[in-house]
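Novice: Sharing a structure below in structure tokens format, with a few things to ask.
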Amino acid sequence: YSEHSDEYTNALDEQLRQYIYGEYDGGGVLDVAMFGKNIVASAGREGGVKLFKLLEDGNQAELVPQGDVQALIPLIAGALPIVVTCMKFDSYGRLYLGCSDGFLRIVHFPQDFVFGDGADLNSQDLHVTVVPHWSEQAPSPILSLDVSEELEMVVTSHVNGNVCLYSMKEHEDVYNMASGRREHVGVIGVWNPFTADESYARSVTFTSKESLHGHKHAVVVGGGNGEVWVNDIYPEYEESNTGEVFVDEYVQKFEPNHVGPVISLCSRPEGLIVSVGHDGMLRMTQTWIGLKNPKKATPWPLYGLGGYKKWIGSICVDDEGKRLVSDGMDDAVIVHDFSAYEKKEEKQ
């Protein structure tokens, strides 16, 4: 067990806190990510990221501090650190950070620390890449992100409603909207389905399934207004001179809306999307239906699960897509185990 210090300057401003938590805020850390069995990263309200190693000895476990990501600590005395609102590791040990200044950052760790047999971390050995912003306008704070290793892409959702898609291909050039050149890292697409009511984009995830349009991948975004939208990733973007990734004709809206912000999204196999909102409702929606007319192929709501006395905080799914775990603001954790139904059918 370890905790962030009580003696810190809260770098999370009130407006951003409202976007993340709404009316109910438990006061905890903003996000936690884990790589392998023993590397833990924690983003607190004081800003920056703290790193730990989880050491186990029998039934005892201890979080051993490994320092901070120094690149997020300001060099000017009195300036507040950069607040990390969301983060995620990939299987190579790279840590992707969504930050309050609107920039996506990538933390590269020494290989002996990530894949070694217990080497301690020297924070001076960390390398942090800041992905350039795609527009001359000031970046909007990032609220959520997801990583697709199959596509070698990262997607972020922002306070201004934008959804930004980044290419992380290290050996292949793509069109970078930030520079107007073909590079190997950069923003390759921007989409905003919330322009009508200027809602913020609270949550985002990738999903994959052979769609009716011949596309295998899509991005799903949940808004602060309770809406959920899906947009196919255009498969020919790498051959496009304009870097066109999102195409308006493939945008679809989920029905019904959540009542309140869509706080978390996750994707199950076969294009199934699980969304949870501040209405205390967990919904499952099929993103692609086998209709002959693609224009009528709207996302199909399957069912909704309630039960929380207060808002749901987050949702995750296991690797097999058989167990859904959700946590609520009423301090409850619920596991929906669909594998039990498969075992029952096998016995019958």
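Novice: Any idea which residue in segment 119-146 is surrounded by the most Cβ atoms within 10 Å (Cβ to Cβ), counting only those that are touching a residue at least 60 places away in the same chain (Cβ under 8 Å) and not aliphatic (A, V, I, L, M)? Step through it out loud before you land on a result.
Specialist: Residues of segment 119-146 that are touching a residue at least 60 places away in the same chain (Cβ under 8 Å), as a first pass: 120-121, 123, 141, 143-144, 146.
Adding the requirement that they be not aliphatic (A, V, I, L, M) leaves 120, 123, 141, 144, 146.
On the way: ASP120: 11, SER123: 13, PRO141: 22, SER144: 26, ASP146: 23.
Residue satisfying both the conditions and the ranking: SER144.
Novice: Please go through segment 315-324 and pick out each residue that is open to solvent by 50 Å² or more (accessible area, probe 1.4 Å) and assigned to a strand (DSSP E or B).
Specialist: Matches in segment 315-324: CYS316, ARG323.
Novice: Can you list residue pairs whose Cβ atoms sit under 6 Å apart, with the first residue in segment 1-25 being over 30 Å from GLU62 (Cβ atoms) and the second being modelled with pLDDT of 80 or more and of a type in the set (Val, Ile, Thr)? Count only pairs 6 or more apart in sequence or on different chains.
Specialist: TYR19/VAL159
Novice: I'm trying to understand the selection: among the residues of segment 147-166, which are β-branched (Val, Ile, Thr) and either open to solvent by less than 10 Å² (accessible area, probe 1.4 Å) or within 12 Å of the chain's Cα centre (by Cα) (or both)?
Specialist: Answer for segment 147-166, where residues must be β-branched (Val, Ile, Thr) and either open to solvent by less than 10 Å² (accessible area, probe 1.4 Å) or within 12 Å of the chain's Cα centre (by Cα) (or both): VAL147, VAL154, VAL155, THR156, VAL163.
Novice: Could you please let me know if SER91 is open to solvent by 60 Å² or more (accessible area, probe 1.4 Å), among the polar types (S, T, N, Q), more than 18 Å from GLY44 (Cα to Cα) and assigned to a loop (DSSP other than H, G, I, E, B)?
Specialist: Criteria met by SER91.
Novice: Also, quick follow-up: Sort out which residues of segment 16-70 are under 18 Å from the mean Cα position of the chain (by Cα) and of a type in the set (Phe, Trp, Tyr), and write them in order of number.
Specialist: Scanning segment 16-70 gives TYR19, TYR21, PHE35.
Novice: Within segment 119-138, track down each residue that is touching a strand residue (DSSP E or B) at 6+ places or on another chain (Cβ under 8 Å) and not polar (S, T, N, Q).
Specialist: ASP120, LEU121, LEU126, HIS127, VAL128, VAL130, VAL131, PRO132, HIS133, TRP134
Novice: Would you tally the residues in segment 33-70 being touching a residue at least 24 places away in the same chain (Cβ under 8 Å), surrounded by 15 or more Cβ atoms within 10 Å (Cβ to Cβ) and part of a strand (DSSP E or B)?
Specialist: Qualifying residue count for the region: 15.
Novice: Name every residue in segment 14-28 that is open to solvent by 60 Å² or more (accessible area, probe 1.4 Å) and assigned to a loop (DSSP other than H, G, I, E, B), in order of residue number.
Specialist: Across segment 14-28, the qualifying residues are GLU23, TYR24, GLY26.
Novice: Looking at (1) at pLDDT below 90; (2) in contact with a Ser or Thr (Cβ under 6 Å, 6 or more places away or on another chain), which is the only condition SER157 fails?
Specialist: (1)
Novice: Quick one: in segment 308-348, of everything that is at pLDDT below 80 and among the hydrophobic types (A, V, I, L, M, F, W, C), which residue is farthest from SER264 (Cα to Cα)?
Specialist: ALA340
Novice: Within segment 93-105, how many residues are over 26 Å from ASN10 (Cβ atoms) and touching a residue at least 24 places away in the same chain (Cβ under 8 Å)?
Specialist: Total satisfying the criteria: 1.
The values are calculated or read from the model by the stated rules, or taken from the named source; none is laboratory data. Note that the structure is a prediction, hence the values are computed from the model and not measured. We place every Cβ from the backbone using ideal geometry, glycine too, and count neighbours over all the protein chains shown. In case anyone asks, the SASA skips ligands and DNA or RNA and just uses the protein heavy atoms, side chains included. Shrake-Rupley method; radii C 1.70, N 1.55, O 1.52, S 1.80 Å.
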